[in-house]
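Read the structure below first, then the notes.
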Amino acid sequence: MNIVIALREEIVLLIILLLLFGYCSFGVKRVDMSRFNRLCIAAIIHVILDSVTLVLVNNKSVPFETNRAIHLLFYYSAIAFCIMFLSYTLDKVGSILQKRIWMILCSVLWMTYAFTGPFLEFKIVQGDSICYSHGISVIVAFAFAYGIQFVAIFLLLINCKKMDRKSFIVLLQMSVIIILTTTVQIIIPEFLFTGASVTIITLSVFFAIENPSKIYIKKAYIDVDTGVKNRTCFEEDLEKYQHRLQDYDQNNLQIGIVVCDLNGLKHTNDTYGHAVGDMMIRTSAEILQEQMLSAKSIYRTGGDEFVAIYIGENCMNIEKDISNVQIKCRQESTKVPYPISIAMGYATTADDQNLKTIHEISDANMYKNKTQMKEGNPIFNR
């Protein structure tokens with residue numbers, strides 16, 4: 001009877017997750033829900049395996065190795081869910097490069113556990129009412145879940161000044177929920193709360209972060225041609241970051257602005273046509289996104305003008321990204337008949353605390369760089 005009661009809960013959770021997945025997959029149009037769908041799939045698999053492991057571990061006729069294999073899949077799904085949830089935190093607190101590093105590190109650790117799990121200790125323990133799994137393989141899985149969430153909380157706390165308050169509170173609460181429910185599961189192994197935990201987190205992510213209505217609003221801030229953020233978004237973000245500078249100790253929050261302007265676009269349009277010119281703009285936007293890995297956001301503010309905002313990055317990292325952009329431009333120029341060249345200039349809050357002034361200084365520095373690039377290259381003067 002205890003098993004049946006526990007399975008009733010898992011069935012309800014599974015129905016909720018399946019309905020949510022179906023809605024996001026087929027009911028939401030023109031909005032990319034692929035990342036949330038992956039999170040939802042991990043939650044569904046975990047809830048299903050939660051039910052299966054409960055039945056198998058309490059069935060004496062099931063071979064021990066079968067129990068071990070299914071339980072390992074159960075823990076693998078839990079860790080995969082935690083890693084996918086971490087990506088939402090990294091979106092808010094880290095640069096593109098930092099997010100890639102953390103996700104690669106977590107994936108490598110997950111794969112290491114996946115390969116070593118079958119060789120770690122695993123045993124079935126008889127509790128007061130039901131049997132449950134225990135052993136080194138189980139402890140490692142719990143440790144992994146703890147580690148990921150403590151990393152998320154640490155990153156949220158040290159980056160709280162860079163984040164809007166709502167995102168900070170929502171993500172922090174969800175990370176704490178995972179830690180608390182994992183702790184309850186460890187203290188009371190028969191409680192079987194992880195399925196409910198991943199369902200709660202999945203629903204929270206949907207309503208607080210991935211709400212399609214919010215995504216439609218966000219799409220209004222995207223430049224359709226290049227995929228980067230548009231001028232409206234830049235102006236609103238600039239105002240938001242200015243308020244953040246005023247709210248916090250200015251010495252602890254450095255903001256940098258890089259202004260970018262394409263060279264020779266008019267020559268490309270006149271020589272090869274506007275279609276090729278548009279391609280040049282898209283290629284330049286891709287280069288900026290690929291090479292300015294430390295940037296918080298990149299915006300298209302005009303026909304051939306882009307701006308990148310850096311939060312909490314020093315001048316060395318900004319200059320490194322600028323250098324990488326120039327190197328990539330030279331590489332890409334060898335593949336097309338027209339030159340791909342971007343004039344760039346930057347300034348930080350070390351120069352001034354007014355971000356509009358910082359933008360103006362960056363723009364002036366960009367024009368100095370453009371003048372230098374024009375020397376000896378008549379194409380850029382056209």
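The values are calculated or read from the model by the stated rules, or taken from the named source; none is laboratory data. Bear in mind that the values here come from a model prediction, so they are computed numbers and not experimental data. With ideal geometry, Cβ positions are generated from the backbone for all residues, glycine too; neighbour counts draw on all protein chains shown. Protein only, heavy atoms only, side chains kept; ligands, DNA and RNA dropped before computing areas. Shrake-Rupley method; radii C 1.70, N 1.55, O 1.52, S 1.80 Å.
Is there a residue in segment 113-126 that is of a type in the set (A, V, I, L, M) and part of a helix (DSSP H, G or I)? Looking for residues that are of a type in the set (A, V, I, L, M) and part of a helix (DSSP H, G or I), one finds at least one in segment 113-126, hence yes. Of the residues making up segment 231-250, none is part of a helix (DSSP H, G or I), among the polar types (S, T, N, Q) and touching a Gly at 6+ places or on another chain (Cβ under 6 Å).
Can you tell me how many residues within segment 133-143 are touching a residue at least 24 places away in the same chain (Cβ under 8 Å) and open to solvent by less than 30 Å² (accessible area, probe 1.4 Å)?
Of the residues in that region, 4 qualify.
Looking across segment 83-104, the residues that are in a helix (DSSP H, G or I) and hydroxyl-bearing (Ser, Thr, Tyr) come down to Ser87, Tyr88, Thr89.
In the condition set (1) in contact with a Lys or Arg (Cβ under 9 Å, 6 or more places away or on another chain); (2) modelled with pLDDT under 85; (3) not in a loop (DSSP other than H, G, I, E, B), Leu171 is compliant with all but (2). The set of residues in segment 177-192 that are open to solvent by 60 Å² or more (accessible area, probe 1.4 Å) and touching a residue at least 12 places away in the same chain (Cβ under 8 Å) contains only Ile186.
Taking the criterion of being among the β-branched types (Val, Ile, Thr) and closer than 18 Å to His46 by Cα, would at least one residue in segment 142-154 satisfy it? Yes, some residue in segment 142-154 is among the β-branched types (Val, Ile, Thr) and closer than 18 Å to His46 by Cα. On the stretch given as segment 326-349, residues that are out of contact with any strand residue (DSSP E or B) (no Cβ under 9 Å at 6 or more places or on another chain) and hydrophobic (A, V, I, L, M, F, W, C) total 2. Of the set (1) charged (D, E, K, R); (2) touching a helix residue (DSSP H, G or I) at 6+ places or on another chain (Cβ under 7 Å); (3) under 19 Å from Ile222 (Cβ atoms), all apply to Glu332 but (3).
So that you can scan it fast, the table gives a plain yes or no per residue for (1) in contact with a helix residue (DSSP H, G or I) (Cβ under 6 Å, 6 or more places away or on another chain); (2) open to solvent by 30 Å² or more (accessible area, probe 1.4 Å); (3) under 24 Å from Phe150 (Cα atoms):
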residue: Thr53; (1), (2), (3): yes, no, no
residue: Leu56; (1), (2), (3): yes, yes, no
residue: Pro63; (1), (2), (3): no, yes, no
residue: Thr89; (1), (2), (3): yes, no, yes
residue: Gly94; (1), (2), (3): no, no, yes
residue: Leu97; (1), (2), (3): no, yes, yes
residue: Ile104; (1), (2), (3): no, yes, yes
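Close contacts from segment 52-79, counting a first residue that is modelled with pLDDT under 90 and a second that is assigned to a loop (DSSP other than H, G, I, E, B), with Cβ to Cβ under 9 Å and a gap of 6+ residues or different chains, come to Leu54/Ile130; Leu54/Leu192; Val55/Val62; Leu56/Val62; Val57/Ile130; Asn58/Ile130. If you go through segment 271-287 and keep only what is of a type in the set (A, V, I, L, M, F, W, C) and more than 13 Å from Asp223 (Cα to Cα), you end up with Ala275, Val276, Met279, Met280, Ile287. The residues of segment 193-229 that are at pLDDT 80 or above and open to solvent by 40 Å² or more (accessible area, probe 1.4 Å), listed by number, are Ile200, Leu203, Phe207, Tyr221, Ile222, Val224, Asp225, Gly227, Lys229.
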